[in-house]
Amino acid sequence: GHRRAGLFWSGHLGNRRDQIRPPPGGSMNVFDRTMKRNQKRWAASLQEHDKYDYLRAEVGRRVADRVYDIARTFPMALDVGCGKSHIAEHLSKEVVERFFLMDISENSLKRESEMPTHHVLGDEEFLPFKENTFDLVVSSLSLHWINDLPGALRQIQQVLKPDGVFVGAMVGGETLYELRCSLQLAELEREGGFAPHVSPYTAVTDLGNLLGQAGFNMLTVDIDEVQVHYPGMLEVISDLKAMGESNCAWNRKSMLHRDTILAAAAIYKEMYGNEDGSVPATFEILHMIGWKPHRSQAKPARRGSATASFADLSKIAQQQTDDRP
């Protein structure tokens, strides 16, 4: 197992953040997108930034595998929130003829790949493309920082051509439950209450509904669980920041007290620690595939069009059993 990977930490060790007031608006404005851009830019500037890419590289490979499973060539494809092109590096020009790579951080758009690519600096919440442009849209581990996920999915559906497909992966509701629980228990013990330190997630039970409401059909949603082992909680924390995955929620807490962090580390090791002294961190990855409707696609039978009832089917099955020698 790779010892360095992690996501979604909010606190700095002893570094106080400037207090940022949320802008006026509805409840959809959860994340400070400017801060997220700055976090990604800083992470990409680190001297050894590649060693923090373990989880993104693995999930990008799994998304690419699902694209290969579709077994067709896509003339025009888009990667929404491409990061360091962890999907593109696993695809070939036999699968994707022209690939548009889009991210909010310009540092992430410097990588080249085998197929012709076009780099676009843009926000996942506001896709700068015309409707019916792409045959394939992919996304890996970027949609969890979207303020309006239903709106983002609708935009993805709109920029797809009819019979185009969206293949995506995002973190799910059980991600980093060990870290979340340890921090909450430590803050309750030391400070008499707790604040959110881990980003809110989408539950797998909601994802199918969101895709359907966005206009996708022939949906596939499944779950991968990736568990990574670390020397301790403090190593998890340091990697979260280095991956550009610090919390950017408006209601994040500006600072964690040192004694709370030490208490949380002890709780983490006590509750979840392995025999060798390491601690696990669990990442729930929600994979999704959805198609833009087209008249050529198979349609479900009209309700009430069945020619046999379940009662009839059971009689047929019983008859086959009775007829056996």
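The values are calculated or read from the model by the stated rules, or taken from the named source; none is laboratory data. What you see is a predicted model, and the numbers here were worked out from it, not measured in a lab. Backbone-built Cβ (ideal geometry, glycine too); neighbour counts: all protein chains shown. Note: accessible area is taken over every heavy atom of the protein model, side chains too, but ligands, DNA and RNA are not part of it. Shrake-Rupley method; radii C 1.70, N 1.55, O 1.52, S 1.80 Å.
Taking the criterion of being more than 20 Å from GLY173 (Cβ to Cβ) and small (Gly, Ala, Ser), the only residue of region 132-156 that qualifies is GLY151. Here region 153-169 is the region considered, the condition is being in a strand (DSSP E or B) and among the aliphatic types (A, V, I, L, M), and the residue that is nearest to HIS86 (Cα to Cα) is ALA169. All of (1) more than 18 Å from ALA57 (Cβ to Cβ); (2) modelled with pLDDT of 90 or more; (3) open to solvent by less than 10 Å² (accessible area, probe 1.4 Å) hold for LEU101 with one exception: (1). Please list, ordered by first then second residue, the pairs with beta carbon atoms under 9 Å, 6 or more apart or interchain, first in region 227-242 and within 10 Å of ALA281 (Cβ to Cβ), second among the hydroxyl-bearing types (Ser, Thr, Tyr) and outside any helix (DSSP H, G or I). As it stands, the answer is GLN227/THR282; VAL228/THR282; HIS229/SER278; TYR230/SER278; VAL236/TYR230; ASP239/TYR230; LEU240/SER10; LEU240/SER246, since those pairs meet every condition given.
For MET76, are the conditions met, namely being under 25 Å from GLU125 (Cα atoms), in contact (Cβ under 8 Å) with a residue 40 or more places away in the chain and not basic (Lys, Arg)? Against the criterion (under 25 Å from GLU125 (Cα atoms), in contact (Cβ under 8 Å) with a residue 40 or more places away in the chain and not basic (Lys, Arg)), MET76 qualifies.
In the set (1) open to solvent by 50 Å² or more (accessible area, probe 1.4 Å); (2) in a strand (DSSP E or B); (3) at negative phi, MET218 fails one condition alone, (3).
From the list GLY122, GLY83, the lone residue that is modelled with pLDDT of 80 or more, of a type outside the set (Val, Ile, Thr), surrounded by 21 or more Cβ atoms within 10 Å (Cβ to Cβ) and closer than 18 Å to SER140 by Cβ is GLY83.
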